[in-house]
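Report on the structure given below.
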Amino acid sequence: MNDDIYVLIAGGDAELIADMTAEYPDVRFLTGSSDIISLPETQNILCFVDWILPDKSGLEFCRQLKATDVGQQCHTTLVLEHADETSQRRALDAGADDYIIGPFDAKTLSRRLALQLSARNAGHDLHKYIHGRLIVDTATFRAQYNGQSLPLGPTEFRLLAHFAANPDRVFSRQHLIRVLGKDGDIVDDKTVNVWVGRLRKAFVQVGSPDPIRTVRSAGYVFDRP
């Protein structure tokens, strides 16, 4: 596997690319999705996408990128204009693995890139969340406990991925509905209870302790092992 690190900056101008290259000389910066199509097999591809691009929205760019084989290997961060939950949900629904709040400039991107490179240098896969014996892999849409796959449907997997990415934080049922993109459906708090119940059942089936704790009148929290 190629060990070079590629960073695609969709929406960046020449000055931004020059600033980033000067700060990270060992990283190979790209500016268009066509630049990554011919890359060798690698998982070292990071993508930063502006909310608004010259010819399309950042959301549409993410959808098109994730529809390609190489796009599936990218860890894609969408740079939002506003810190509202609707934009955050739309980013995740479009296939983004992560999001940050703008502006879309060298300072903002450099701060997040430094964190991502640090995680890679520490041997952490940006597509994986590891908590004790639990591994949640968003790249392959699989979750395992002690080597056994959890039997999860798409909704339950996305719920677990959100919990695993944000351990020790209480989330209300309404927040979870929005995160899963279900706020346009006829969904109430009882439906969230069903999702969590299915998730808990999956943990029981593989012999795992239940990591989801109910916080009365507040919601649910994933307790870090």
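The values are calculated or read from the model by the stated rules, or taken from the named source; none is laboratory data. These numbers come from a predicted model, not from an experiment. Positions of Cβ are generated from backbone atoms using ideal geometry, with glycine treated the same way; all protein chains shown enter the neighbour counts.
Quick rundown of the values:
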item: Every pair of residues 6+ apart whose Cβ atoms lie under 7 Å, when the first sits in region 152-171 and is assigned by TED's automatic domain parsing to the domain that holds residue 203 and at positive phi while the second is outside any loop (DSSP other than H, G, I, E, B) and at pLDDT 90 or above; result: 168/221
item: Residue, nearest to residue 66 (Cα to Cα), within region 89-108, restricted to residues that are assigned to a helix (DSSP H, G or I) and charged (D, E, K, R); result: 93
item: Matching option when the condition is within 26 Å of residue 128 (Cβ to Cβ) and part of a helix (DSSP H, G or I), among 78, 46, 39, 65; result: 65
item: Lone unmet requirement of (1) among the charged types (D, E, K, R); (2) at pLDDT below 95; (3) part of a helix (DSSP H, G or I) for residue 200; result: (2)
item: Hits in region 132-162 (condition: of a type outside the set (Asp, Glu) and more than 19 Å from residue 195 (Cβ to Cβ)); result: 132, 133, 135, 139, 140, 144, 146, 147, 148
item: The listed residue being surrounded by 14 or more Cβ atoms within 10 Å (Cβ to Cβ), at pLDDT 90 or above and in the same structural domain as residue 161 (by TED's automatic domain parsing), out of 80, 134; result: 134
item: Close pairs from region 62-77: first assigned by TED's automatic domain parsing to the domain that holds residue 10, partner crowded, with 21+ Cβ neighbours inside 10 Å and of a type in the set (S, T, N, Q), Cβ under 9 Å, at least 6 apart; result: 62/76; 65/76; 66/76
